[in-house]
Amino acid sequence: MSLSKLPKVVTVAGTNGKGSVVSVMESLLCNAGVQVGSYTSPHLHRFNERIRLQGFPCDDDLICEAFSRIDAMRREVSLSYFEFATLAALWIFKRKRVSIALLEVGLGGRLDAVNILDPDVSVITSIGLDHQDWLGDSREEIGLEKAGILRKGGIFVCGDPDPPLSVIRKAKELSCISFYQGQEFGLETNAQSEGIKWYGVAPDSRGMCASFPATTAVLPVNVSTALQALASAGTDVDLAATATILAFTKPPGRQELTEDRQTGVPVMLDVAHNPDSIDALVFAVQRFVQPDPALKHNQGTVRLVIAVMADKDIETMLASLVSIADIWYIAQVEDARCLPAIKLGLRLKNIDPSATMRCFDGVAEAYQTACEEALAGAEEGAEAKEGLVVVAGSFHTVSAARMLTKG
């Protein structure tokens with residue numbers, strides 16, 4: 001299989017925010033009429049979600065044809081699941097002659113399958129503690145692994161406002177043309193308006209700017225990173241349209257607000273599965289159920305449906321979640337890595353002995369119970385109607401619940 005370079009490649013690594021950054025870039029490129037292919041992982045419901053053309057999942061026939069071609073060409077070479085998927089995406093992008101490919105790193109960066117291509121722009125969104133068994137036990141070690149997507153003399157966009165020194169040093173060592181969040185590009189808020197102004201740098205070094213509402217479905221820091229990545233790639237995108245496009249850019253499973261299909265109860269779905277993403281979720285939930293902290297009666301009941309993988313920093317995540325969860329619905333998924341619900345419940349009790357919790361064998365049962373009890377509480381007037389059912393902990397958790405929502 002020929003891996004001759006695609007017309008333009010943007011590779012995105014990072015602990016959190018990768019999918020959101022790709023989603024913003026994809027939306028803006030599609031709006032500009034640019035032929036774009038996006039490769040992300042994991043998927044929520046169907047494998048096809050991983051390989052998209054113009055924002056839409058590829059059809060079965062095209063993916064099967066790609067798999068068939070790759071299988072024939074690999075001969076005796078053994079390929080992992082992710083290597084097979086990556087090659088399929090690249091074959092499809094070449095076949096469909098996309099103008100730009102957006103590639104999300106699956107794990108780390110240096111040894112990831114997407115790193116077989118030299119990107120025109122390398123993006124690192126954020127760097128936190130996750131997958132320590134594979135990437136290292138500190139932000140410095142993890143940052144160095146992610147910096148493996150950088151190329152000598154290449155363009156580097158860093159979305160982390162406080163990157164580890166290992167990343168900065170690697171960029172300098174490779175003589176990268178670097179753009180850092182809060183320095184060459186970033187965000188400015190206006191006290192007189194509810195909007196946010198982005199400033200950045202064009203390929204010809206001139207300044208650029210765009211404005212968008214503060215209440216977008218994507219975290220502003222990720223919007224900022226996406227805009228600079230597009231600017232650095234020299235794409236023909238009208239940044240003046242940013243606000244309009246962002247209003248319709250809602251990455252599935254990322255602080256996704258929807259409703260339960262049966263009860264109409266408001267639901268927030270978030271694939272948060274490490275301390276940093278959980279902290280962002282906590283902030284979003286607090287903002288939703290209690291927009292004005294001075295008005296205590298605005299506080300709605302938060303029912304948290306959660307299932308997590310055993311290799312995560314569970315205690316730190318639970319310690320953050322206790323600040324928002326009124327009632328816990330602890331579940332488990334059919335994955336060997338999943339922590340059994342009973343064990344997760346015991347860990348919660350060690351942190352918050354007074355926590356109100358129930359354990360379930362599956363996410364669907366836990367979710368349905370939470371929604372039914374939320375509806376009953378609101379109808380009886382025992383709880384505020386603006387309460388919220390939150391589903392978090394992993395992609396598996398959100399996938400199981402999302403099928404029962406209007407999302």
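Key figures
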read-out: Computed helical MRE - 222 nm, the chain, DSSP H runs ≥ 4 contributing -39500 (n - 2.57), nearest 500; value: -10500 deg cm²/dmol
read-out: Exposure proxy order (Cβ contacts within 10 Å, fewest to most) of T242, T301; value: T301, T242
read-out: Gained length - A319 relative to H45, 0.36 nm times residue gap less alpha-carbon distance; value: 95.7 nm
read-out: T301 long-range amide H proximity, modeled H, under 5 Å; value: A384, G387, L388
read-out: For S126, distant residues with modelled amide H under 5 Å away; value: T15, N16
read-out: Qualifying trypsin sites (Lys or Arg not before Pro) in region 156-219, DSSP loop, other Cβ atoms within 10 Å at most 13; value: R206
read-out: Region 256-402 - convex hull of the alpha-carbon atoms, volume per residue in Å³; value: 98
read-out: Share antiparallel - DSSP beta bridges, region 227-333, percent rounded to 5; value: 50
read-out: C-alpha long axis of helix 341-351 to longest principal axis of the chain, angle in °; value: 80
read-out: By average C-beta atoms within 10 angstrom, highest first, the peptides 67-75, 334-342; value: 334-342, 67-75
read-out: Summed residue charge, Cβ within 11 Å of E365's Cβ, Lys/Arg positive, Asp/Glu negative; value: -1
read-out: Full-stretch length increase - D238, A32 - with 0.36 nm per residue and alpha-carbon distance subtracted; value: 73.5 nm
read-out: Rounded if a/c under 1.5, otherwise prolate or oblate - region 9-246, Cα gyration tensor axes; value: oblate
read-out: Tensor-based shape of region 19-68 (alpha-carbon gyration tensor, a/c under 1.5 rounded, otherwise prolate or oblate); value: oblate
read-out: Folded to 0 to 90 degrees: helix 18-31 orientation relative to the chain principal axis, Cα; value: 60
read-out: Antiparallel content of DSSP bridges confined to the chain, in %, to 5; value: 35
read-out: Relative packing of 243-250, 99-106, which averages over residues the other C-beta atoms within 10 Å, highest first; value: 99-106, 243-250
read-out: Extension reserve of the D61-D118 stretch, reckoned as 0.36 nm per residue once the Cα distance is removed; value: 17.7 nm
read-out: Mean-position separation - Cα centroids, region 32-52 and region 211-286, in angstrom; value: 17
read-out: Cβ-defined net charge surrounding V322, 12 Å radius [Lys, Arg +1; Asp, Glu -1]; value: -1
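Rule-based calculations on the coordinates, nothing more; no lab input. Everything numeric here is computed off the predicted structure, so don't read it as measured data. Cβ atoms come from the backbone with ideal geometry, glycine included; neighbour counts cover every protein chain shown.
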